[in-house]
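Below you'll find the structure, written out as C-alpha cells, and then a few comments.
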There are 4 protein chains.
Amino acid sequence: MKARSAKRSEKRRDQIVQAAVRLFSEQGYYQTTMEDIAKAADVSKGLIYLYFKDKNDVLFYTLRFVLDMYESDVAPALVGKHNPLAALRIALYGLCRLTNEHVQETVLAYRSSKDLSKRQRLEIKIRESKIGRVFRGCLEACIHERLMLPLNLDIMVYQYIMFCHTWALKNWAFRDKYAFDEYLAEGERILISAFLTPKGRKVFESQRALAAA
Amino acid sequence: MKARSAKRSEKRRDQIVQAAVRLFSEQGYYQTTMEDIAKAADVSKGLIYLYFKDKNDVLFYTLRFVLDMYESDVAPALVGKHNPLAALRIALYGLCRLTNEHVQETVLAYRSSKDLSKRQRLEIKIRESKIGRVFRGCLEACIHERLMLPLNLDIMVYQYIMFCHTWALKNWAFRDKYAFDEYLAEGERILISAFLTPKGRKVFESQRALAAA
Amino acid sequence: MKARSAKRSEKRRDQIVQAAVRLFSEQGYYQTTMEDIAKAADVSKGLIYLYFKDKNDVLFYTLRFVLDMYESDVAPALVGKHNPLAALRIALYGLCRLTNEHVQETVLAYRSSKDLSKRQRLEIKIRESKIGRVFRGCLEACIHERLMLPLNLDIMVYQYIMFCHTWALKNWAFRDKYAFDEYLAEGERILISAFLTPKGRKVFESQRALAAA
Amino acid sequence: MKARSAKRSEKRRDQIVQAAVRLFSEQGYYQTTMEDIAKAADVSKGLIYLYFKDKNDVLFYTLRFVLDMYESDVAPALVGKHNPLAALRIALYGLCRLTNEHVQETVLAYRSSKDLSKRQRLEIKIRESKIGRVFRGCLEACIHERLMLPLNLDIMVYQYIMFCHTWALKNWAFRDKYAFDEYLAEGERILISAFLTPKGRKVFESQRALAAA
DNA sequence: TATGAATGAGCCTTCATTCAT
DNA sequence: CATGAATGAAGGCTCATTCAT
C-alpha cells in the first residue's frame, strides 16, 4: 500500500521535474509559469503544490535532478578502471559528452542557481562538488603514480569541468567551427597531454594506439 | 544645442545603466523592478522609457556596459607591449583582476544573456569576442615567435577567458582556500608555462626575474 | 443494525463538529480549511462530505452545537426552582459562567452567523431565542409575583443575555480589571437589584443571606 | 503641489474605504474581493495597493473609519451641555441613532475585528474606547452631582454601548416588534431612570417636560 | 523633458470539492 | 464506509508600461 503510493508519488515528482527541466532549460525559470509546467507534465496546476512547496522548490529539484544526472552518469563509467590516466580521459569524455547532450540544462544551472535560497544553493553546490571529486580522484592518482606533473588539484579540477561546460556556455563560438570530437581532442591536449610526465606520455600513447586499433 | 542635449542624454543613460548594473548584479534581472532602478538612479520611472525601449533594453545596455568595461580595461594595457608573452600575461592578469573586482557583474552576464532578444544577444556576443581577440592576438604572436607551442587559438582563447570567469562563477569553491594572487599564479602555470617552447621559457623566466626585482 | 450505524454516524458527526468548534473558534471560519478539520477530527477530508453537505454546513452544525450547549446547560439548572428570583439569578450566573468558559465560541457566533444561508440563520436564531425564553420565563414570573417592577420582557431578556456575552465580546476591556465574580456581582446589581420591588428586595436579601451562610 | 497631491491621495483613500465599508458591510470581508472593491470605488485593482498595503490593511482602515465616524458624531453633540444627565441622554440617543443608521457597519465591526493583526486590533480598541470615554464622562458627572447612584463606571459604560449595539446585533429580534423610538425609550428607563437619585429624578422629569413642550 | 499616478494583464497559490479505489 | 490524490476556479498581489500634467 505504502510502497505503491510512494512509487506513485515518485512518479509524479519525476513527471513534474522532467517537464520543468525541459521548460526551464528552454525558456528560463522566470519565463516559465506553473501553468506551463502543469500542462507539460500533464497534471493540474494544483497537483504540483502537493509535491513541491512552491515554484522555487520545483527549480531546486530541477537543478538537483540535472546535477544528479551528471554525477550518476560520469562516476559509474570509471568503476573498475584501474589506470588513472584512462579514468581521467573517460571522465573528461563523459562530462563533455553529457554537456553536449544537455547544453540547455547546463546553461540552466548557470542561469538559475542564484534564484535558489541559501540553503538550497548550498545543497546544489554539494551535488556539484561530487562531480568535482570524480576528477580529483583521477588526477590525484595520476600524479601519485607519476603519470602527471604535480598540479593544484582544486583549480585543475575546475579546469576540466569548465572545459566541458564551456562547450555549452560558449557553444555559439564553437559550434560552427568545431565538431564535438575535435573540441574534446583539443581538450585532451590542453588539459592532459600538456601535463604528462615522460612516463605518463608513454602510457598515454599506448592507450591511444590501443583505442585506434 | 544638440551637443549639449546629447551630452545630457548620455549622462542620463549612464545614470540609469549604472544603477541597473548594480541592481541586476546584486538581485538579478527579474528580481529588480523598474521602480528599483528609477529610485537607484534617482530619476522617475517614466524617464527610463525616454531612454530605453523597455526593461529588456535596459538589460541589453547593462550587459553591453559590463562587456565594454572589460574590453576597454584589458585592451589598452597591452598597447606598446611588444613582447607578446608579456602581453599575454598582462591580459590574463588584467581580466582576472577585473573579474575579481566585478564578480557579480560577471555572474550577471552568465545569468541574463539568454533573456535578451536574438539581435541583442548577437551584439553582446560580438562585444564579448572583442575581449577574446585581445587574447588571440597575444597568443598568435607568441606562437608565431616560437615562444609557445602551436595551439588551437579559438579554444585556447576561451581557456584564458574561462579561467578568469571561473574565479567568479565558482568563487565559493576558491574564496576560502586561495587568495586571488595564488589563483592567478596557478593560472599562469596551467595556461602559459605548460605551453612554452624552450625559447619561450627563457623569456618567461627573465620576465619574472625582472618583475621580482 | 440501523441503530448501530446511526450511532456510529452520530459519533462521526460529533467528532467533526467538535473539531470544527475548536478550529473555527480559534482561527475563524475562513481561516480554517477542510483539511484542518479533517486532521483535527482524525478523519479523512472526503469523509466530512458524507456527513455534511459542504463547509458551510459544517459551520451551521457547529453554531447549532454551540447554541444547544448553552441552552442545555442553563435551562436544566432551573428545573425545580420555584422561586423565580432565584431562578433568574441562577440563569444569569449560568449563562455568564458558560460564556466565561467559552469565550471564543461565543465570539464565533457573532463572527460567523452572517456566513450562513438565510434558512440556516433562521434556525440558529430559533435556537438562540430558546435561551432567551429561559430568561423570559424567569422574568415574567418575577414580575407576576411582584418581585420586580414591570419591564419590557423582549428588551430586558437581551439585557441579560448581552451582559453575559459582553464578557466575551469585550473581554479585553474587563479581563485585567475585574474578576469574573466581580463582573457577575455588578450584573446582579444593574440587572436585578435595580428593578426589584420592596417585596422583591426582601426576598433577594434573604437569598443572599442564605447563600452567604 | 504637495498639498494638492496629498489631497488627491486622501480622496483616493476615502474613495476606496467607502467602497470597502459598503461591500464589507453587505457581504463580509472574505466574500468581498479586491476586484469588487476596485469596481465599486471605480479604480483599478492595482491602485488600491498604492494606498493600502494589502487587503487586510483595507479592512483596518475600514473599521477605523467606522469607529471614527461613531466618535466624531456622538462626542461633538455633547459640547456645551453642562447638564450631565442631559448629556448622558444625548449620548445614548446619539449612539443609538447612529447604530440604527449603520446597522451593517456595526455588525461588521463585530464580525471582522478578529481578522486584524494584533497591532491593528489594538488601535481599533483604542478608537473604540474613545466612544466609551464619552459615556464615562457623562456618567461620572451624573454620579458626582448626585443625580445618579454610584455605579461601576467600566461596566456601566459598556451597558450603554452594548444596548445600542444590540439594536444592530439582534435587530431581527426587535425590528418587527419595536420602533427605534420605543427601543430607545426603554433604554432610558433601564439604563438611566433605574439609577437616578431623587434629585436626579426631578431633573430628569423637568427635562422630559421641557422636551415635550 | 520629467513625473508619478494609474492601469490591467498575468502570475502564484490556495482550497473546497470530487471520485476512483 | 473511508481515503486522499487530483482538480480547477478564484483570489491576492506585482509590476512593466502608459499618459495626463
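The values are calculated or read from the model by the stated rules, or taken from the named source; none is laboratory data. Note that the structure is a prediction, hence the values are computed from the model and not measured. Heads up, the Cβs are rebuilt from the backbone with ideal geometry, glycines too, and the neighbour counts pull from every protein chain shown.
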Problem - Odd one out for A:Lys53, checked against (1) of a type in the set (D, E, K, R); (2) crowded, with 17+ Cβ neighbours inside 10 Å; (3) within 16 Å of DNA strand E (Cβ to nearest atom) - result: (2)
Practice task
Determine which single condition B:Ala213 fails, assuming it passes every other condition in (1) modelled with pLDDT of 95 or more; (2) surrounded by fewer than 15 Cβ atoms within 10 Å (Cβ to Cβ); (3) more than 10 Å from chain A (Cβ to nearest Cβ).
Solution key: (1)
Exercise for the section: Within the range D:158-194, track down each residue that is of a type in the set (A, V, I, L, M, F, W, C) and more than 10 Å from chain C (Cβ to nearest Cβ). Expected result: D:Cys164, D:Ala168, D:Ala179, D:Phe180, D:Leu184, D:Ile192
Problem - Neighbours by Cβ (under 6 Å, 6+ apart or cross-chain): first from the range D:128-157, within 12 Å of chain C (Cβ to nearest Cβ); second part of a helix (DSSP H, G or I) and of a type in the set (Lys, Arg) - result: D:Leu153/D:Arg136; D:Val157/D:Arg136
Practice task
Could you check how many residues of the range C:184-211 are touching a residue at least 60 places away in the same chain (Cβ under 8 Å) and within 24 Å of the chain's Cα centre (by Cα)?
Solution key: 5
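Here's the yes/no breakdown for (1) surrounded by fewer than 19 Cβ atoms within 10 Å (Cβ to Cβ); (2) in the same structural domain as B:Tyr158 (by TED's automatic domain parsing); (3) modelled with pLDDT of 95 or more:
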{"site": "B:Glu26", "(1), (2), (3)": "yes, no, yes"}
{"site": "B:Ala41", "(1), (2), (3)": "no, no, yes"}
{"site": "B:Arg64", "(1), (2), (3)": "yes, yes, yes"}
{"site": "B:Tyr70", "(1), (2), (3)": "no, yes, no"}
{"site": "B:Val74", "(1), (2), (3)": "no, yes, no"}
{"site": "B:Cys96", "(1), (2), (3)": "no, yes, yes"}
Practice task
Answer yes or no as to whether C:Pro76 is more than 11 Å from DNA strand E (Cβ to nearest atom) and without any contact (Cβ under 8 Å) to a residue 12 or more places away in the chain.
Solution key: yes
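Restricting to the range D:107-127, and then to whatever is hydroxyl-bearing (Ser, Thr, Tyr) and in a helix (DSSP H, G or I), can you tell me which residue is nearest to the other protein chains (Cβ to nearest Cβ)?
Among residues in the range D:107-127 that are hydroxyl-bearing (Ser, Thr, Tyr) and in a helix (DSSP H, G or I), the one nearest to the other protein chains (Cβ to nearest Cβ) is D:Tyr110.
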Handout entry: Residue check, D:Arg97 within 30 Å of D:Ala20 (Cβ to Cβ), part of a helix (DSSP H, G or I), within 13 Å of chain C (Cβ to nearest Cβ) and among the basic types (Lys, Arg)
Key = no
Completion exercise
Pairing a residue in the range D:23-51 that is within 12 Å of chain C (Cβ to nearest Cβ) and under 21 Å from D:Glu10 (Cα atoms) with any residue that is outside any loop (DSSP other than H, G, I, E, B) and within 11 Å of DNA strand F (Cβ to nearest atom), where Cβ atoms lie under 9 Å and the two sit 6 or more apart in sequence or on different chains, gives D:Phe24/D:Ile37; D:Phe24/D:Val58; D:Phe24/D:Leu59
Exercise for the section: Name the one entry in D:Ser5, D:Ser72 that is of a type in the set (Gly, Ala, Ser) and more than 30 Å from D:Leu191 (Cα to Cα). Expected result: D:Ser5
Practice task
Quick one: count up the residues across the range D:22-50 that are of a type in the set (Phe, Trp, Tyr) and more than 12 Å from DNA strand E (Cβ to nearest atom).
Solution key: 2
Handout entry: Flag if B:Met156 is part of a helix (DSSP H, G or I), outside the structural domain of B:Gln31 (by TED's automatic domain parsing), touching a His at 6+ places or on another chain (Cβ under 9 Å) and under 18 Å from A:Trp172 (Cα atoms)
Key = no
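Anything in the range B:138-156 that is among the hydrophobic types (A, V, I, L, M, F, W, C) and either more than 23 Å from B:Ala77 (Cβ to Cβ) or under 13 Å from the mean Cα position of the chain (by Cα) (or both)? List them, or say none.
B:Leu149, B:Ile155
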